[in-house]
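Working notes, beginning with the structure itself.
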Ligand SMILES: [Zn+2]
């Protein structure tokens with residue numbers, strides 16, 4: 001019914017287009033022609049943006065929104081959006097947080113890594129891993145997580161490493177332990193305080 005001529009300047013049709021709704025677009029007054037000379041209408045999208053659409057695009061159903069509908073079908077606007085939370089095949093929980101310093105290229109970060117990072121007040125560094133104490137990979141309660149560090153081999157419990165480090169210092173250089181002088185964290189709190197009673 002709204003098929004129009006190419007110029008779109010027939011008054012009757014122009015008046016009938018104005019005030020009509022096509023998809024998310026409400027047609028308003030006539031706007032500037034396209035570079036190819038097609039008549040265009042100033043349309044207000046449901047999202048609040050204005051856009052120019054030709055009569056033909058409106059009539060054929062080509063123009064249904066300012067472009068936001070396509071955008072609605074990715075990421076947080078997708079109908080099946082689950083808060084960016086998904087389960088990796090290996091059983092761990094992934095969160096979509098492109099800004100996180102431990103995120104992979106696609107913007108996902110393991111939830112247990114994020115939780116541990118929050119406890120440490122810093123991102124995890126190379127060689128650090130997070131161990132699930134009870135073996136349940138999606139149980140990311142802080143009390144179930146333990147920071148491990150490895151340089152070679154499977155790694156060691158950080159609290160064990162800290163005890164070991166203190167033993168070494170006690171034996172060879174007790175001064176820093178006595179005064180705490182000389183301890184300069186690279187960033188955040190030392191991992192020693194991460195688990196348990198924080
Ligand atoms: Zn829109």
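We did not get these values from a lab; they are worked out from the coordinates using the rules stated. Keep in mind that what you see is a predicted model, and the values were worked out from it rather than measured. For neighbour counting, all protein chains shown are included, and Cβ atoms are generated from backbone atoms with ideal geometry for every residue, glycine included.
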- Query: Where a ≥ b ≥ c are the square roots of the eigenvalues of the C-alpha gyration tensor, would you call the stretch 85-148 rounded, which needs a/c under 1.5, or, failing that, prolate if a/b is larger than b/c, or oblate?
  - Reply: oblate
- Message: How would 112, 131 line up from fewest to most surrounding beta-carbon atoms within 10 angstrom?
- Response: 131, 112
- Between residue 106 and residue 131, what is the spin-label point distance in nm, taking each point 7 Å from the Cα along the Cα→C-beta axis? 2.9 nm
- Ranking of 130, 163 by count of other Cβ atoms within 10 Å, fewest first: 163, 130
- For 108, 92, what's the fewest-to-most ordering of other Cβ within 10 Å of each Cβ? 92, 108
